[in-house]
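Remarks on the structure that follows.
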Amino acid sequence: MRLHPRPEPIPAERDTAAMVADASPPALLASVAHLTGDLTLLRDDLAPDPARMLEPDAGYTPELVAEVQRLAAAALARFRDAGSVPAPPPSQADLARLIGFVTGVGRDDAYLLLLTEELALDGDRRAPAWTKSDVAPERDFTVGIIGAGMSGIVAAHRLLQAGVRVVLFEKNDEVGGTWWENTYPGCRVDVPNHFYSYSFAQSPDWPQFFSTRDVLLDYFRTCADRFGVLPHVRFGSEVLGAVWDEERAAWVVRMRTRDGCEDTTAVEVLVSATGQLNRPHFPDICGRDRFSGPAFHSAAWDHSVALDGKRVAVIGTGASAVQLIPPVAERAAHTTVFQRTPPWMLPTPNYMDELPENLRVLMRHVPGYANWDRLWIFWRMHEGLLPMAVVDPDWPDQARSVSAGNDLIREMFTLYLQAVVADPELYRKMLPTYPPMAKRIVLDNGIVPATFGRDDVDLETTSIAEITESGVRTVDGVEHECDVLIYGTGFQASKFLTPMQMTGRDGVDLHEWWDGEARAYLGMTIPSFPNLFLMYGPNTNIVINGSIIYFSEGEANYIVESVRMLCDRRLASMDVRRDVHDAYNERVDDANRAMAWGASSVNTWYKNASGRVSQNWPFSLLEFWQRTRRPDPADYLLK
Ligand code: NAP
């Protein structure tokens, strides 16, 4: 997969009208204006209407779309005929104008710098502006990173850019984390790819709008390779725990290596980039060990088990299960799906579509379209939906929806379900009874209701009583026999950093200290655990806005700037102040209680066993970006 390729000249015979036919209007005009330097394309009447951004067509009527395409095709034809010579990089003022066209953000807006970074037109706006050899050439300094998935790769990349030595401990034999481990059929990303990718490593080569697991894995492998991360990875090294050594001001990391031996190594800073969704959760259902056939979890797919002609039972209807059920049902003789809580479904017609040829051609000649499309998706998805999840305490029926805006979303989703499910019984089963956004929304292009409506598929909503030798018995006494049992039952998301044993300052044990209530400052730092940083830690998951990669980039930035502070000030350690940590977490908890996912009592992995929202970030994306630009020394005990 190519990253930031140069534009290919447009051949004389290329029909520019066809090239632009499938592009999104604002990204098209901005990318063509950027490539050609013709900013007259940015006509006010063709800019997106901020009030209509969340509508499927973003308020672009067919006439407006036709006008956008006409202008863009003509500009590309002139560009082609003049020899396809890209305009020089835009001035700051022109860049602000281009960004303003797509987003409506003005030159003084707090978002402008964030958007300029996200756009990353010149490749990388977030590279560290320092190197260790400048600030502390004499200091021996290593950062250990646990996990070489999406977060670990970006953290390592940033540190390497700053000339900091890194070592990544990876339990698997490959990079990619979740995209390496999850091999279930139908596995794909459910955030548009131009957005679910590093801001600074854009590719015009995504074959689908929402690419499949193999494509994602290829992307992260490519990135790890290009960024020079691979030589720093110790594959087959599972970290068992780490102990803070005050005298050495280092973490002593204990790991099990590929040959089964234990090994230790000391690092000055330790980063946990193990993710939230990597330890499979098996439900506490009686008789789980009794089943005589093959049984496995979605995240540990057993490819040796042929499903053709078999009776298959799937437990769960979360994001993983709804992806795997359609391909399973295609092969199995009969599929029974056990659903406890139906998910709300976001209609996404292009969810499984290949990128149209026209768009591929456009991106060969206008690769910057990927960046502008990313910006457009970012802006549409960023905070726009967040207000719809905020609880209005005066809203009457809180069990149905949490506010007028939330109810509007509910209406939209309900209309969709009505349109795609003809059978009233199936509709009743699939209609959620809790507010949208209280739980993870899944994407659908019609395949989920179509699969549940198949004659050879049963959607069972009676609770499971037990698992027997030959299948699943529901509480009504019915035994649902099956040959293969698949658990699409999610992950132990709130058990952060388990099963690793982490021992901090003065022998504090992390899991004892947390006592089931994982918290961290900005999701990253924990009192008495100096120089330890978590990525995708407590309360850094997003529900309806943004992409988790955005958070990882912010965290990587904070880590690299923390290392700079340690080096610059000749510090041995930074330990977040307890009062700062506590006040921050109180604010997080208060805000989460006022969101749909905090107020509703529906089952969700967003909450831990005590019912506290331990996963989600309730504030704006802008705030996360602002707060992760650099550490505030006043937040830390510095030694
Ligand atoms: P999940 O959302 O936690 O879903 C688990 C499913 O198992 C739910 O339907 C749950 O029912 C059911 N379940 C759990 N225990 C049960 C029990 N005792 N009896 C009956 N049913 C039970 O897990 P997931 O689907 O693996 O998804 C986890 C997260 O991974 C997603 O939310 C998403 O963030 C990420 N993911 C992302 C993608 C992607 O495309 N990028 C794909 C897959 C997953 P309840 O709803 O009643 O709890």
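Brief remarks follow.
- From the list Trp597, Trp605, the lone residue that is within 16 Å of the ligand (Cβ to nearest atom) and either touching a helix residue (DSSP H, G or I) at 6+ places or on another chain (Cβ under 6 Å) or in a helix (DSSP H, G or I) (or both) is Trp597.
- Considering residues of region 152-195 that are in a loop (DSSP other than H, G, I, E, B) and of a type in the set (Asp, Glu) only, the residue farthest from the ligand (Cβ to nearest atom): Asp173
- Within region 337-355, the set of residues being within 13 Å of the ligand (Cβ to nearest atom) and either surrounded by fewer than 22 Cβ atoms within 10 Å (Cβ to Cβ) or part of a loop (DSSP other than H, G, I, E, B) (or both) comprises Gln339, Arg340, Thr341, Pro342, Pro343, Trp344, Leu346, Thr348, Tyr351, Met352.
- Segments classed as helices (runs of 4 or more DSSP H), wholly inside region 52-146, with at least 3 members that are buried (at least 18 other Cβ atoms within 10 Å of the Cβ): 62-81, 92-103, 111-119
- Matching option when the condition is free of Cβ contacts under 8 Å to residues at least 24 places away in the same chain and either within 27 Å of Leu98 (Cβ to Cβ) or surrounded by fewer than 20 Cβ atoms within 10 Å (Cβ to Cβ) (or both), among Glu411, Glu383: Glu411
- Ala332 vs. criteria away from the ligand (no atom under 16 Å from the Cβ), in contact (Cβ under 8 Å) with a residue 40 or more places away in the chain and outside the structural domain of Leu510 (by TED's automatic domain parsing): yes
- Filtered residues of region 454-501 (kept if farther than 30 Å from Phe533 by Cα and of a type in the set (A, V, I, L, M, F, W, C)): Val457, Leu459, Ile464, Ala465, Ile467, Val472, Val475, Val478, Cys482, Val484, Leu485, Ile486
Yes/no per residue for (1) out of contact with any His (no Cβ under 9 Å at 6 or more places or on another chain); (2) free of Cβ contacts under 8 Å to residues at least 40 places away in the same chain:
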position	(1), (2)
Thr462	yes, yes
Asp483	yes, no
Thr503	yes, no
Glu512	yes, yes
Thr525	no, no
Asn531	yes, no
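- Test: residue in region 624-639 that is basic (Lys, Arg), under 30 Å from Ser133 (Cβ atoms), more than 27 Å from the chain's Cα centre (by Cα) and at pLDDT 95 or above: yes
- Evaluation of Arg158 against (1) under 28 Å from Ile377 (Cα atoms); (2) open to solvent by 20 Å² or more (accessible area, probe 1.4 Å) (one fails), failing number: (2)
- Annotation: of all residues in region 201-222 being surrounded by 23 or more Cβ atoms within 10 Å (Cβ to Cβ) and away from the ligand (no atom under 16 Å from the Cβ), the one that is modelled with the lowest pLDDT is Pro204.
For (1) open to solvent by 40 Å² or more (accessible area, probe 1.4 Å); (2) outside any loop (DSSP other than H, G, I, E, B), each residue gets a yes or a no:
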site	(1), (2)
Ala450	yes, yes
Asp455	yes, no
Arg473	yes, yes
Lys495	yes, no
Ala518	no, no
Phe533	no, yes
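- Flag if Thr540 is within 15 Å of the ligand (Cβ to nearest atom), in the same structural domain as Gly147 (by TED's automatic domain parsing), at pLDDT 95 or above and among the β-branched types (Val, Ile, Thr): yes
- Scanning region 112-169 for residues that are of a type in the set (Phe, Trp, Tyr) and at pLDDT 95 or above yields Trp130, Phe169.
- The set of residues in region 8-47 being within 27 Å of Thr212 (Cβ to Cβ), open to solvent by 20 Å² or more (accessible area, probe 1.4 Å) and not in a helix (DSSP H, G or I) consists of Glu8, Ala21, Asp22, Ser24.
- Residues considered: Leu277, Leu270. Of these, the only one that is in a loop (DSSP other than H, G, I, E, B) and either modelled with pLDDT under 95 or crowded, with 21+ Cβ neighbours inside 10 Å (or both) is Leu277.
To keep it simple, each residue is scored yes or no on (1) in contact with a Phe, Trp or Tyr (Cβ under 7 Å, 6 or more places away or on another chain); (2) within 30 Å of Phe619 (Cα to Cα).
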| site | (1), (2) |
| --- | --- |
| Met437 | yes, yes |
| Val442 | no, yes |
| Gly453 | no, no |
| Val475 | no, no |
| Leu485 | yes, no |
| His511 | no, yes |
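The values are calculated or read from the model by the stated rules, or taken from the named source; none is laboratory data. Every value quoted in this text rests on a predicted model; they were computed, and no experiment measured them. Every residue, glycine among them, receives a Cβ derived from its backbone with ideal geometry; neighbour counts consider all protein chains shown. The accessibility values were calculated without ligands, DNA or RNA, using every heavy atom of the protein model including side chains. Shrake-Rupley method; radii C 1.70, N 1.55, O 1.52, S 1.80 Å.
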